[in-house]
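Okay, structure first, notes after.
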């Protein structure tokens, strides 16, 4: 077919205008949200599935640790270092590296909570500017680690509020994989998301809502993110009871 080669063609990158670059930087959650924090999230589904809580630690731009609170997940962690995801299981000698597709099915990841790093990891292919909404069509930088899981993205922002509205994760063939809607923010100054709605377009299923119950900027120990030594993780306080 005539369209078969388009997905693989090198994109034409058009640098955004100065005003658009400022807007992109202002809405980049990776740099506006505190670099280190502890948070508690409440996760629910529209079809009435049993909700759950997720406890999360961020230890810099590229490190996150999360645990699902519940007896069936006791002692299990999802560790994210850069674009790589790992499952930390109780009794295991070392974390198990997860594939990009498996990682995306986890309860919460950087891409779901903070979007993507729209300045560092992506080039702006083109910009659609409406009366209020501005859509940045992004292409992952060649050779970057994030390019495997998120080759393309659409970053939709509100020009008036200077806040993100939606993130579309787009595959190399042009299909939309996931959609993250930023419904509200806890603090407009730092753009800490308070409520997200996540939709898995490819797999289907009910939308997932993530609500921020607690957020604490704090110094997070480096040892929480170790791939070789789980001693610091083992010293964490017991998980709070499941909802």
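Of the residues examined, residue 188 is not one that is crowded, with 19+ Cβ neighbours inside 10 Å and closer than 17 Å to residue 114 by Cβ.
Considering only residues in region 166-185 that are without any contact (Cβ under 8 Å) to a residue 40 or more places away in the chain and not in a strand (DSSP E or B), the one that is surrounded by the fewest Cβ atoms within 10 Å (Cβ to Cβ) turns out to be 175. For region 65-77, does any single residue satisfy the condition of being part of a strand (DSSP E or B), under 13 Å from the mean Cα position of the chain (by Cα), modelled with pLDDT of 90 or more and on the phi < 0 side of the Ramachandran plot? Yes, there is a match, as at least one residue in region 65-77 is part of a strand (DSSP E or B), under 13 Å from the mean Cα position of the chain (by Cα), modelled with pLDDT of 90 or more and on the phi < 0 side of the Ramachandran plot. Evaluated against (1) touching a strand residue (DSSP E or B) at 6+ places or on another chain (Cβ under 7 Å); (2) surrounded by fewer than 18 Cβ atoms within 10 Å (Cβ to Cβ); (3) farther than 21 Å from residue 67 by Cα, residue 97 falls short on exactly one condition, (3). Restrict the check to region 207-227 and report whether at least one residue is more than 21 Å from residue 66 (Cα to Cα) and in contact with a strand residue (DSSP E or B) (Cβ under 6 Å, 6 or more places away or on another chain). No, region 207-227 contains no residue that is more than 21 Å from residue 66 (Cα to Cα) and in contact with a strand residue (DSSP E or B) (Cβ under 6 Å, 6 or more places away or on another chain). Look through region 132-151, keep the residues that are assigned to a loop (DSSP other than H, G, I, E, B) and modelled with pLDDT of 90 or more, and return whichever of them is nearest to residue 168 (Cα to Cα). Checking each candidate, the answer is 151. If you check 220, 210 for being in a loop (DSSP other than H, G, I, E, B) and surrounded by 14 or more Cβ atoms within 10 Å (Cβ to Cβ), only one passes: 220.
Annotation: of all residues in region 26-56 being within 19 Å of residue 180 (Cα to Cα) and loosely packed, with under 15 Cβ neighbours inside 10 Å, the one that is nearest to the chain's Cα centre (by Cα) is 26. Scanning region 2-51 for residues that are at pLDDT below 85 and either in contact with a helix residue (DSSP H, G or I) (Cβ under 9 Å, 6 or more places away or on another chain) or on the phi > 0 side of the Ramachandran plot (or both) turns up 15, 16, 48.
Among the residues of this structure, residue 61 does not count as one that is in contact with a strand residue (DSSP E or B) (Cβ under 9 Å, 6 or more places away or on another chain) and either under 15 Å from residue 109 (Cα atoms) or modelled with pLDDT of 90 or more (or both).
To keep it simple, each residue is scored yes or no on (1) assigned to a loop (DSSP other than H, G, I, E, B); (2) over 21 Å from residue 192 (Cα atoms); (3) at pLDDT 85 or above.
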{"residue": "80", "(1), (2), (3)": "no, no, yes"}
{"residue": "86", "(1), (2), (3)": "no, yes, yes"}
{"residue": "91", "(1), (2), (3)": "yes, yes, no"}
{"residue": "103", "(1), (2), (3)": "no, yes, no"}
{"residue": "108", "(1), (2), (3)": "yes, no, no"}
{"residue": "112", "(1), (2), (3)": "no, no, no"}
{"residue": "118", "(1), (2), (3)": "yes, no, yes"}
{"residue": "124", "(1), (2), (3)": "no, yes, yes"}
{"residue": "127", "(1), (2), (3)": "no, yes, yes"}
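The values are calculated or read from the model by the stated rules, or taken from the named source; none is laboratory data. Predicted model, so just to flag it, every value in this text is computed and none were measured. Here the Cβ is made from the backbone with ideal geometry for all residues, glycine too, and neighbour counts use every protein chain on show.
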